[in-house]
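S.K.: Got a structure for you, questions after.
The values are calculated or read from the model by the stated rules, or taken from the named source; none is laboratory data. Remember, it's a predicted structure, so these values are computed and weren't measured experimentally. Positions of Cβ are backbone-derived with ideal geometry, glycine not excepted, and every protein chain shown enters the neighbour counts.
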Amino acid sequence: NISENQPVIRQLDDAAINRIAAGEVVERPASAVKELVENAVDAGARRITVEYADGGKTLIRVTDDGCGIAPDDLPLALSRHATSKIDGTDLLNIHTFGFRGEALPSLGAVGRLTITSRAAGQGGAEVTVSGGKMGAVKPAALNSGTVVTLRDLFFATPARLKFMRTDRAEAQTIGDVVKRLAMAEPFVQIVLRDVSGDGAGREVFRADAEQGELFDALHGRLARVLGREFADNSLRIDAEREGLHLTGFAALPTYSRGSAVAQYLFVNGRPVRDKLLTGALRGAYFDFLSRDRHPAAALFLDCDPTLVDVNVHPAKSEVRFRDPGLARGLIVSALRHALANAGHRASTTVAG
Ligand code: ADP
Ligand code: MG
C-alpha cells in the first residue's frame, strides 16, 4: 500500500520554524546576550546594562536607553524576518549589527521573552512571547528605552538545554562577549551584573563611557577591557589603503603572550573571528617575535559595507572580504611599519 509509506509533506508552523532558526542564532546564553546588546547599540543606546542569573540560563536582562519601540511595533519586532534596519533592496550596504530580524523571534521561541519599551512621544508598553506563543501588548511604566528580559532559555528545546555547560562556564562566555562588544563601542557605558540568588547582585564588569577623540577613547576602553599593561605597551595603528581603514592598538613584542587569546579583530565595528587576523599578525611580527610567542592586538578594520559580506553566517561572526589579500596586506604592512618605527625610536633614544 503506497499511501501508508508515502511521506507527508507539511508546512511547518512559525513556532517550529523559529525554534529551528534559534538553533543557529542562539547557541548558548552568551549568544542571546550578544544579540540583545547589538540591538541596544543599533538603537543608539548610550548606556547598556546586562544582568544575568545562573550563567544566563534562568535570566538575561538587557536594559538600554536607546530609541525604544512604539507599542504598535512590538508584535512586529517579535515576528520573523521583521526588521527596521534594512528594506531588503540592498543587502550589500549594511550599517547596523542586525538586519535579519531573527534574534527576537528566535529567543521568544526557545525561552520566555518579555520586551518592555518606550519610544519618544509614545506610552510605555510590554509584550511577552513564551515558547513561541505571543501574549497581548499591555501598557507598562518605563521612562524611556528598552528592557528585554529573557527567562528560562531553551526551556522549549530540552535537547539544547542539555548542552549547557556549568553556570560558571556560561557566565565566563557572557563576560567575554560583553567585553568584546565593549571594545568596539568606547563611547557607550556598558555594565555587566550577576544577579544570581536573592542578593543585590554583583558587578562583574563596568566600562564607563570614554570621552574625547576616538583614539583616546579607544585607548581608555582597551585599558579597561584588556588591562593597563596592554594599553601602556601597545602601539597606535592608523593606516589606509584602497578604501580599507585600519585603526587600533598592537602590543610591543615585549608584551607577547604564550597563546593567541588576546587577538581581536573588528570589521565595521563587528567582532569577527577570522583566520585572516591570526595569519596577518604572524606575518607582521615574524621578525620581532619568536615562534612560541603570540602578539596581542585589538584592530578595527573599517570599509565601505559593499567591500565586505557580513551575510555569511546567522551569528555574523564570519565575514567575507571582496579582497582578502588587501585586508591582510594592510594589517601586515601597518603593523610592521609601527613596530619598525618603535624599534627605531628605542635605539635612537639609547644612542642619544
Ligand atoms: P534585527 O536586529 O536583525 O533587525 P531583531 O529580531 O534583533 O532583528 O530585532 C527586530 C527589531 O526590533 C529591530 O529591527 C528593531 O526595530 C527592534 N528592536 C530590537 N531591540 C531593540 C532595542 N533594544 N531598542 C529598540 N528597538 C529594538
Ligand atoms: Mg538584532
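S.K.: Under 6 Å between Cβ atoms, which residue pairs at least 6 apart in sequence (or on different chains) link something in segment 156-181 that is more than 13 Å from Asp54 (Cα to Cα) and aliphatic (A, V, I, L, M) with a partner that is surrounded by fewer than 18 Cβ atoms within 10 Å (Cβ to Cβ) and at pLDDT 95 or above?
M.R.: none
S.K.: For segment 331-340, how many residues meet the condition of being surrounded by fewer than 20 Cβ atoms within 10 Å (Cβ to Cβ) and either in contact (Cβ under 8 Å) with a residue 60 or more places away in the chain or farther than 16 Å from Ala296 by Cα (or both)? Steps first, please.
M.R.: Of segment 331-340, the ones surrounded by fewer than 20 Cβ atoms within 10 Å (Cβ to Cβ) are 332-333, 336-337, 340.
With the extra rule that they be either in contact (Cβ under 8 Å) with a residue 60 or more places away in the chain or farther than 16 Å from Ala296 by Cα (or both), the set shrinks to 333, 337, 340.
Going through segment 331-340 one residue at a time, the tally reaches 3.
S.K.: If you go through segment 110-145 one residue at a time, how many are crowded, with 19+ Cβ neighbours inside 10 Å, of a type in the set (A, V, I, L, M, F, W, C) and within 13 Å of ligand 1 (Cβ to nearest atom)?
M.R.: Number satisfying all stated conditions: 6.
S.K.: Which members of segment 93-103 meet the condition of being assigned to a loop (DSSP other than H, G, I, E, B) and either buried (at least 20 other Cβ atoms within 10 Å of the Cβ) or within 6 Å of ligand 1 (Cβ to nearest atom) (or both)?
M.R.: Keep residues of segment 93-103 that are assigned to a loop (DSSP other than H, G, I, E, B), which gives 93-102.
Within segment 93-103, Ile94, Phe97, Gly98, Phe99, Arg100, Gly101, Glu102 meet the criteria.
S.K.: Out of all the residues in segment 199-243, which are surrounded by fewer than 13 Cβ atoms within 10 Å (Cβ to Cβ) and of a type in the set (Lys, Arg)?
M.R.: Answer for segment 199-243, where residues must be surrounded by fewer than 13 Cβ atoms within 10 Å (Cβ to Cβ) and of a type in the set (Lys, Arg): Arg202, Arg228, Arg236.
S.K.: Going through segment 319-336 one residue at a time, which ones are part of a strand (DSSP E or B) and basic (Lys, Arg)? Walk me through it before giving the result.
M.R.: Taking segment 319-336 as the starting set, the residues that turn out to be part of a strand (DSSP E or B) are 320-321.
Selection gives Arg320 alone.
S.K.: Moving to a separate point now. Within the bounds of segment 83-91, is there any residue that is assigned by TED's automatic domain parsing to the domain that holds Gly201, within 16 Å of the chain's Cα centre (by Cα), under 21 Å from Asp309 (Cβ atoms) and within 10 Å of ligand 2 (Cβ to nearest atom)? Working first, answer last.
M.R.: If we filter segment 83-91 for residues that are assigned by TED's automatic domain parsing to the domain that holds Gly201, which is where we start, we get 83-91.
Adding the requirement that they be within 16 Å of the chain's Cα centre (by Cα) leaves none.
No; the residues of segment 83-91 include none that is assigned by TED's automatic domain parsing to the domain that holds Gly201, within 16 Å of the chain's Cα centre (by Cα), under 21 Å from Asp309 (Cβ atoms) and within 10 Å of ligand 2 (Cβ to nearest atom).
S.K.: Among the listed residues Pro71, Pro75, identify the single one that is in the same structural domain as Lys138 (by TED's automatic domain parsing), surrounded by fewer than 18 Cβ atoms within 10 Å (Cβ to Cβ) and away from ligand 2 (no atom under 13 Å from the Cβ).
M.R.: Unique residue meeting the criteria: Pro75.
S.K.: Kindly state which helices (runs of 4 or more DSSP H) lie completely within segment 3-92 and contain at least 1 residues that are within 8 Å of ligand 1 (Cβ to nearest atom) and either within 25 Å of Ala171 (Cα to Cα) or hydroxyl-bearing (Ser, Thr, Tyr) (or both). Give the steps one after another, and end with the answer.
M.R.: Values: elements: 14-25, 29-42, 74-77.
So the answer is 29-42.
S.K.: Please go through segment 53-98 and give me each residue that is under 14 Å from Glu38 (Cβ atoms) and without any contact (Cβ under 8 Å) to a residue 24 or more places away in the chain, ordered by number.
M.R.: Scanning segment 53-98 gives Thr83, Ser84.
S.K.: Among the residues that make up segment 39-60, is at least one of them over 30 Å from Thr306 (Cβ atoms), within 12 Å of ligand 2 (Cβ to nearest atom) and not basic (Lys, Arg)? It would help to see each step written out before you state the result.
M.R.: Here is the first cut: in segment 39-60, the ones over 30 Å from Thr306 (Cβ atoms) are 47, 49-60.
Subsequent filtering for residues that are within 12 Å of ligand 2 (Cβ to nearest atom) retains none.
Taking every residue of segment 39-60 in turn, none turns out to be over 30 Å from Thr306 (Cβ atoms), within 12 Å of ligand 2 (Cβ to nearest atom) and not basic (Lys, Arg).
S.K.: Further question: If you check Ser117, Ser196, Ser144, which single one turns out to be in contact with a Leu (Cβ under 8 Å, 6 or more places away or on another chain) and not aromatic (Phe, Trp, Tyr)? Full working, then the answer.
M.R.: On the way: Ser196 fails: in contact with a Leu (Cβ under 8 Å, 6 or more places away or on another chain); Ser144 fails: in contact with a Leu (Cβ under 8 Å, 6 or more places away or on another chain).
Being in contact with a Leu (Cβ under 8 Å, 6 or more places away or on another chain) and not aromatic (Phe, Trp, Tyr) holds for just one of Ser117, Ser196, Ser144, which is Ser117.
S.K.: I'd like to check something: does segment 104-111 contain any residue that is of a type in the set (A, V, I, L, M), in a strand (DSSP E or B) and within 15 Å of ligand 2 (Cβ to nearest atom)?
M.R.: So in segment 104-111, the residues of a type in the set (A, V, I, L, M) come out as 104, 107, 109-110.
Then drop every residue that is not in a strand (DSSP E or B), which leaves none.
The answer is no, given that none of the residues of segment 104-111 is of a type in the set (A, V, I, L, M), in a strand (DSSP E or B) and within 15 Å of ligand 2 (Cβ to nearest atom).
S.K.: For residues that are touching a strand residue (DSSP E or B) at 6+ places or on another chain (Cβ under 7 Å) and touching a residue at least 40 places away in the same chain (Cβ under 8 Å), scanning just segment 105-117, find the one that is nearest to Arg47 (Cα to Cα). Spell out the reasoning first.
M.R.: Going residue by residue through segment 105-117, those that are touching a strand residue (DSSP E or B) at 6+ places or on another chain (Cβ under 7 Å) are 107-108, 111-117.
Now restrict to residues that are touching a residue at least 40 places away in the same chain (Cβ under 8 Å): 107-108, 111-112, 115, 117.
Values: Leu107: 22, Gly108: 24, Gly111: 25, Arg112: 24, Ile115: 17, Ser117: 15 Å.
Per the criteria, the residue is Ser117.
S.K.: Restrict the check to segment 325-336 and report whether at least one residue is over 14 Å from Asp238 (Cα atoms) and touching a helix residue (DSSP H, G or I) at 6+ places or on another chain (Cβ under 8 Å).
M.R.: Yes, that holds for at least one residue.
S.K.: Here's something else I'd like to know. On the given criteria, is Arg291 at pLDDT below 95 and within 27 Å of Leu150 (Cα to Cα)?
M.R.: No: the conditions fail for Arg291.
S.K.: Would you mind finding the one in Gly44, Gly56 that is buried (at least 21 other Cβ atoms within 10 Å of the Cβ), at positive phi, modelled with pLDDT of 95 or more and within 21 Å of the chain's Cα centre (by Cα)?
M.R.: Working: Gly44 fails: buried (at least 21 other Cβ atoms within 10 Å of the Cβ).
When all the criteria are applied, what remains is Gly56.
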